[in-house]
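To start, the structure itself, in structure tokens.
The values are calculated or read from the model by the stated rules, or taken from the named source; none is laboratory data. Since the structure is predicted, the reported quantities are computational estimates derived from the model, not experimental observations. All Cβ positions, even for glycine, are placed from backbone atoms using ideal geometry, and neighbour counts span all protein chains on display. Only protein heavy atoms, including side chains, enter the accessible area calculation; ligands, DNA and RNA are left aside. Shrake-Rupley method; radii C 1.70, N 1.55, O 1.52, S 1.80 Å.
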Amino acid sequence: MITNIKDQEYDVIEVTNEMPVNRKGGVGSVIENLGSGFRSIGAKALWFLLDHNYRDFEVERVLTEFPDIAIGSYDELPLCKAPLFHLHIYQHDPLLLQYLMSRKVVLTIHSLLICEAQSNGIDLSWSVKQQEDMIAACNKVVLVSQSELQNYYKYNYHKLNPNVTVIHNGLRNSGSFRNQRKNDVIGFCGRLVPRKRPEYVQKLLREKGFSNYSVMIAGRGFSPYAKNLLLDLKIQDRVQFLGWCGGERLKSFYDAIDVMAIPSTYEPFGMIALEAVIRGIPIVCNRVGGLGEILGDYAFYSDDDTYESFRGAMNMWLKADSKKITDITRGALQRYYLNFTDITMAQKYLNLFRTLN
Amino acid sequence: MSRSISTEIELISYYNYHKNYPTAYLFGSESTLSQEYFHSSQVFYQNKYSLFYKTNNSTLIIRPFRMEKFGQVYINPQELLIDFQKIKNGTYKIIVVHNFQVEDRNPNLRECLAGIFLASQIDGKWEEPENYPIECRTIDTLVYVYAENGQVFYL
């Protein structure tokens with residue numbers, strides 16, 4: 001085990017495959033905000049990184065940038081002392097579950113893989129089975145939205161484990177809210193997978209009213225479909241792919257866009273919506289997953305997940321006057337302060353841990 | 001401007017990665033690249049045919065470069081080395097790609113990280129970097145080469 005820990009005892013051991021370094025998905029962002037939330041309320045968490053994909057220099061970066069880190073295998077977990085384990089993992093050694101059987105374990109599911117498989121039209125059966133085994137093995141399951149809870153029941157996961165609750169994700173306040181941008185740029189952020197419908201924002205560029213607009217896409221992945229779409233729509237010079245963005249680049253992206261489009265058909269939570277909300281960026285989206293729970297009435301919603309509905313919602317945003325945009329962004333920010341800060345999330349987890357101790 | 005030379009084939013942590021599968025051949029994927037910002041002035045601008053050279057019969061060097069396309073500037077800030085002694089026999093296409101496999105932290109949104117993809121032929125068809133698991137965007141083809149018994153030849 002490699003570690004930089006100084007203390008012997010912790011309130012919780014947070015077990016994860018990913019830290020906020022070269023983050024491949026949303027888990028790294030949640031870890032970052034859970035960490036800042038715990039620090040704010042004085043909770044002591046140890047971050048145990050296992051079954052990760054980091055290379056040596058990335059491991060070094062993790063150890064340098066974050067305190068209370070241990071990196072090792074499941075059989076080294078006993079070297080760390082805490083009353084319970086909180087899992088965020090999406091890949092693991094099968095023997096981990098055996099080890100955890102006699103321990104108190106909370107599992108947060110950041111995305112139900114059975115829904116990921118269906119919404120992206122891909123086979124994840126092996127990973128789905130792994131996730132189901134974890135659900136069955138833990139004391140308590142946490143889902144990140146009420147919508148995910150409905151999916152949990154829909155797929156009969158309550159028969160695997162009926163002890164389930166919802167804790168929404170939270171985000172640290174960066175204090176970067178500012179008034180409306182007028183850059184004529186539509187933003188899209190996320191992995192370019194089918195369920196996020198990245199093609200919708202690009203199709204929009206050919207529509208009446210959007211001839212002066214361009215699109216910025218921040219996210220991993222490209223595809224033959226993406227290449228052909230640009231050619232078919234003749235929009236190669238109007239779509240800027242920024243790649244896998246982190247740090248200052250992500251901030252530049254948010255500064256550059258007028259609106260955030262989230263046409264996803266499945267979104268377990270929607271961290272990207274929170275990121276836009278704290279910066280005063282209006283959101284056009286489907287009322288799916290956590291998005292409706294985050295935004296309430298303060299977004300431009302499409303009626304369903306078709307392109308036509310998304311176009312309708314984008315037109316509502318386009319025609320909205322300055323006051324309407326201000327009302328929407330301020331209203332969304334108010335909801336953020338009430339329900340979705342990193343501190344709120346951390347406090348809810350700590351309360352949950354106490355019920356299990 | 002050469003900062004360092006990569007002496008190993010850069011292996012990305014693809015979940016379905018297999019060492020001898022051609023899609024392993026993506027160069028310039030070091031995540032250390034993303035920790036610094038690279039300004040255009042730091043990187044040589046060159047004609048694409050001067051971007052590469054052989055140091056001996058088995059090694060191809062890709063110089064640092066910037067390349068403009070699609071209204072953006074694709075930058076490879078580091079000299080890259082492709083050691084054909086580690087690569088199986090066959091014909092390859094050396095493609096400049098927009099590197100989607102490494103986190104880019106450069107706040108200049110017009111600039112993007114480039115990578116080099118060594119495309120092989122599978123059943124007579126060229127691999128495309130856009131396909132899984134590479135999922136990078138083709139920017140330009142630099143050169144076709146043939147590898148045999150650890151040696152590399154221009155085609």
(request) Please list the helices of chain A that count as membrane-span-like by this rule: a mean Kyte-Doolittle hydropathy of at least 0.5 together with Cα atoms stretching 20 Å or more along the helix axis, each helix being a complete DSSP H run. (result) A:27-41
(message) I'd like to know which of B:Gly71, B:Ile61, A:Ser223 lies farthest towards the positive end of the charge dipole of the protein assembly as shown, counting +1 on Cβ of Lys and Arg and -1 on Cβ of Asp and Glu.
(response) B:Gly71
(message) Using a 7 Å offset from the Cα along the Cα-to-Cβ direction at both B:Leu155 and A:Asn120, what is the distance between the two label points in nm, to one decimal?
(response) 3.3 nm
(message) Nothing charged except the Cβ atoms of Lys and Arg (+1) and of Asp and Glu (-1): what's the magnitude of the dipole of the protein assembly as shown about its Cα centre? Round to the nearest 20 debye.
(response) 1040 debye
(message) Tell me the total accessible area that A and B bury against each other, 1.4 angstrom probe, in square angstrom rounded to 100.
(response) 2800 Å²
(message) Using a loss threshold of 50 Å², tell me which positions in the stretch B:134-155 are less accessible in the complex than in their chain alone. Probe radius 1.4 Å, ligands and nucleic acids ignored.
(response) B:Arg137
(request) Just report the Cα centroid separation between the stretch A:89-151 and the stretch A:1-65, whole Å. (result) 20 Å
(request) Sum -39500 (n - 2.57) across every DSSP H segment of at least 4 residues in chain A, then divide by the residue count to get the 222 nm mean residue ellipticity, nearest 500. (result) -12000 deg cm²/dmol
(request) Beta carbons within 10 angstrom, averaged per residue: use that to sort the peptides B:47-54, A:96-103, A:309-316, highest first. (result) A:309-316, A:96-103, B:47-54
(message) Could you put A:Lys251, B:Lys69 in order of accessible surface area, largest first, with the 1.4 Å probe and the full protein assembly present?
(response) A:Lys251, B:Lys69
(message) I'd like to check one number: the per residue accessible area of chain A, probe 1.4 Å, reported in Å² as a whole number.
(response) 41 Å²
(request) Might you report the magnitude of the Cβ-based charge dipole of the stretch A:185-339 about its Cα centre, with Lys and Arg at +1 and Asp and Glu at -1, to the nearest 20 debye? (result) 280 debye
(message) Full-extension gain between B:Glu148 and B:Asn108, please, as 0.36 nm times their residue separation minus the C-alpha to C-alpha distance.
(response) 10.3 nm
(request) Work through the residues other than A:Leu112 whose Cβ is under 15 Å from its Cβ and net out their charges, Lys, Arg +1 and Asp, Glu -1. (result) -1
(request) Take every DSSP beta bridge whose two residues both sit in chain A, then give the antiparallel share in percent to the nearest 5. (result) 5 percent
(request) Take B:His98, A:His168 and sort them by solvent-accessible surface of the protein heavy atoms, 1.4 Å probe, largest at the top. (result) A:His168, B:His98
(request) Go through B:Val143, B:Asn108, B:Tyr92 and say which Cα lies farthest out towards the positive end of the charge dipole of the stretch B:48-155; charges sit on Cβ, +1 for Lys and Arg, -1 for Asp and Glu. (result) B:Val143
(message) Whole percent per 5 Å bin, from 0 to the bin with the longest distance: what is P(r) over all C-alpha pairs of the stretch A:185-339?
(response) 2, 10, 20, 24, 22, 15, 5, 2, 0
(message) With unit charges on the beta carbons (Lys and Arg positive, Asp and Glu negative) and the dipole taken about the Cα centre of the stretch A:185-339, which residue among A:Gln240, A:Ala261, A:Ser309 sits farthest to the positive side?
(response) A:Gln240
(message) Based only on Cα atoms, what mean projected area does the convex hull of the protein assembly as shown have, in nm²?
(response) 24.2 nm²
(request) Give the calculated FRET efficiency between A:Leu95 and A:Ile2 to the nearest 0.05, with a Förster radius of 30 Å applied to their Cβ-Cβ distance. (result) 0.90
(request) Could you check how much of the accessible area of chain A is carbon and sulfur, as a whole percent, using a 1.4 Å probe? (result) 49 percent
(request) Please work out the C-alpha center-to-center distance from the stretch A:197-271 to the stretch A:295-328 and express it in whole Å. (result) 17 Å
